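Here is the structure we will look at.
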Amino acid sequence: MFNLNTYNQQINLPILDEKEIGLFIKREDLIHPSISGNKYRKLKYNLLEAKRLKLEIILTFGGAYSNHIAATAAAGKIGGFKTIGIIRGDELANDLDNVLENNKTLKFANSQGMDFKFVSREDYRNKKEEVFLKKLKEEYGNFYLIPEGGTNELAVKGCQEILTAEDEKFDYICSAVGTGGTIAGLINATTKAQKVIGFPALKGNFLEGEIRKFSKENNFWHLENEYHFGGYGKFNEELISFINSFKEKTTIPLDPIYTGKMVYGIINMVSNDKFQRGSKILIIHTGGLQGIEGINQKLKRRNMDLIQ
Ligand SMILES: Cc1ncc(COP(=O)(O)O)c(C=O)c1O
């Protein structure tokens, strides 16, 4: 059911030959159609822990297009759990039939048996507060809580398994960053000779602290904060056209929220001689391809080219 023999695919582009850079991408997106990339890695030990605790309900948080919501619903179904998604945006509840018809992420999660509770943006901000969680326990009974984006210690433990001994030959490991769990796992799994570079998909300088909470003392990592395209979920024509042309040239699909921004950043850095000649770089494909449809709906409304 899960394809854990993911391989490193070499990327061939003229700019890489010109700059003598060996660029590879770990195809974690191929692990499973719905629980792909870092989602499998983050959920694995959490669901095992929920089983160990004999809890039957998994409750988690996310936005209406969240990869994590879709993957948790699918993983919950496979693992025999009831799943509850606390979704940001109470306005969505006013027109639920229409939302479920038009939002592929929520429609899919619902088809996997996930129940939703739509909360206001203000309530959503309280998602870590005891009072808020206590109310949810009163409503749903005892549940196993997975935080937004799926990041906690067990998720980081799972993400440490992304890299294998064979990957020690790479000088750089690159990952998209949302909540910081995936890159923390990568930092914990690399050798001192390697550098980890994170590409935040959102604006703001709070991520370094989050990453440090979960990663070992290691100074061989940094974030490239210039490739978020305006913030979380934001995009422009240049990004969409990059994603389409990259797929055409390499056959590799990228999503517009995370991996597309990261690969754009890496190619931009290669072009600007940010990597020494002869460097070997490994990109982690963290999946997220289910998010393409939501962005394509937005592109259609704006009369822009769609992601192919
Ligand atoms: C496809 C994809 N890539 C990367 C990330 C970033 O992972 P993290 O939240 O662990 O930083 C996410 C979000 O969780 C994601 O959905």
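The values are calculated or read from the model by the stated rules, or taken from the named source; none is laboratory data. A quick note: this is a predicted structure, and the numbers were derived from the prediction, not measured. A quick note on method: Cβ atoms are made from the backbone with ideal geometry, for glycine too, and the neighbour counts reach across all protein chains shown.
Among the numbered criteria (1) outside any loop (DSSP other than H, G, I, E, B); (2) in contact with a Pro (Cβ under 7 Å, 6 or more places away or on another chain), which single criterion is violated by ILE307?
The one condition ILE307 does not meet is (1).
Among the residues of region 126-146, what is the count of those that are at pLDDT 95 or above, of a type outside the set (A, V, I, L, M, F, W, C) and within 24 Å of GLY180 (Cβ to Cβ)?
Summing the residues that are at pLDDT 95 or above, of a type outside the set (A, V, I, L, M, F, W, C) and within 24 Å of GLY180 (Cβ to Cβ) in region 126-146 gives 1.
Pull up region 67-88, narrow it to residues that are part of a helix (DSSP H, G or I) and among the small types (Gly, Ala, Ser), then point me to the one that is farthest from the ligand (Cβ to nearest atom). It would help to see each step written out before you state the result.
Let us first name the residues in region 67-88 that are part of a helix (DSSP H, G or I), namely 67-79.
The next check asks that each one be among the small types (Gly, Ala, Ser); those that pass are 70-71, 73-76, 79.
Numbers: ALA70: 9, ALA71: 8, ALA73: 14, ALA74: 14, ALA75: 14, GLY76: 17, GLY79: 19 Å.
Among those that are part of a helix (DSSP H, G or I) and among the small types (Gly, Ala, Ser), it is GLY79.
How about region 82-112: which of its residues are over 22 Å from the mean Cα position of the chain (by Cα) and either of a type in the set (Gly, Ala, Ser) or over 25 Å from LYS298 (Cβ atoms) (or both)?
LYS82, ALA93
Quick test of your reading of the structure: PHE214 fulfils all but one of (1) more than 16 Å from the chain's Cα centre (by Cα); (2) more than 11 Å from the ligand (Cβ to nearest atom). Name the failing condition by number.
It is condition (2) that PHE214 fails.
Does GLU226 fit the bill of being modelled with pLDDT of 95 or more, of a type in the set (Asp, Glu), more than 9 Å from the ligand (Cβ to nearest atom) and in a loop (DSSP other than H, G, I, E, B)?
Numbers: modelled with pLDDT of 95 or more: yes; of a type in the set (Asp, Glu): yes; more than 9 Å from the ligand (Cβ to nearest atom): yes; in a loop (DSSP other than H, G, I, E, B): yes.
When the stated conditions are applied, GLU226 passes them.
How many of the residues in region 20-59 are surrounded by 20 or more Cβ atoms within 10 Å (Cβ to Cβ) and more than 16 Å from the ligand (Cβ to nearest atom)?
Result for region 20-59: 6.
Quick one: count up the residues across region 202-260 that are at positive phi and either crowded, with 20+ Cβ neighbours inside 10 Å or not β-branched (Val, Ile, Thr) (or both). Show your work before the answer.
Let us first name the residues in region 202-260 that are at positive phi, namely 204, 229-231, 233, 251.
In the following step, the residues that additionally are either crowded, with 20+ Cβ neighbours inside 10 Å or not β-branched (Val, Ile, Thr) (or both) were identified as 204, 229-231, 233.
Total satisfying the criteria: 5.
Test of understanding: among LYS298, LYS274, LYS261, which residue is within 16 Å of the ligand (Cβ to nearest atom) and either assigned to a loop (DSSP other than H, G, I, E, B) or over 14 Å from ILE11 (Cβ atoms) (or both)?
Numbers: LYS298 fails: within 16 Å of the ligand (Cβ to nearest atom); LYS274 fails: within 16 Å of the ligand (Cβ to nearest atom).
Matching residue, one of LYS298, LYS274, LYS261: LYS261.
For GLU210, work out the one condition from (1) modelled with pLDDT under 95; (2) assigned to a loop (DSSP other than H, G, I, E, B) it doesn't fulfil.
Single failed check for GLU210: (2).
Give the residue that is nearest to GLY265 (Cα to Cα), with candidates limited to residues of region 229-242 that are in a loop (DSSP other than H, G, I, E, B) and away from the ligand (no atom under 13 Å from the Cβ).
Step one: filter region 229-242 for residues in a loop (DSSP other than H, G, I, E, B), giving 229-236.
Add one more test, that the residue is away from the ligand (no atom under 13 Å from the Cβ), and what stays is 229-231, 234-236.
Numbers: PHE229: 10, GLY230: 14, GLY231: 14, LYS234: 15, PHE235: 13, ASN236: 14 Å.
Ranking the candidates gives PHE229 first.
Quick test of your reading of the structure: GLY149 fulfils all but one of (1) modelled with pLDDT under 95; (2) closer than 19 Å to LEU23 by Cα. Name the failing condition by number.
The single condition GLY149 does not satisfy is (2).
List pairs: first residue in region 116-129 and assigned to a loop (DSSP other than H, G, I, E, B), second residue aromatic (Phe, Trp, Tyr) anywhere in the structure, Cβ distance under 6 angstrom, at least six positions apart or on different chains.
ASN126/PHE132; LYS127/PHE61
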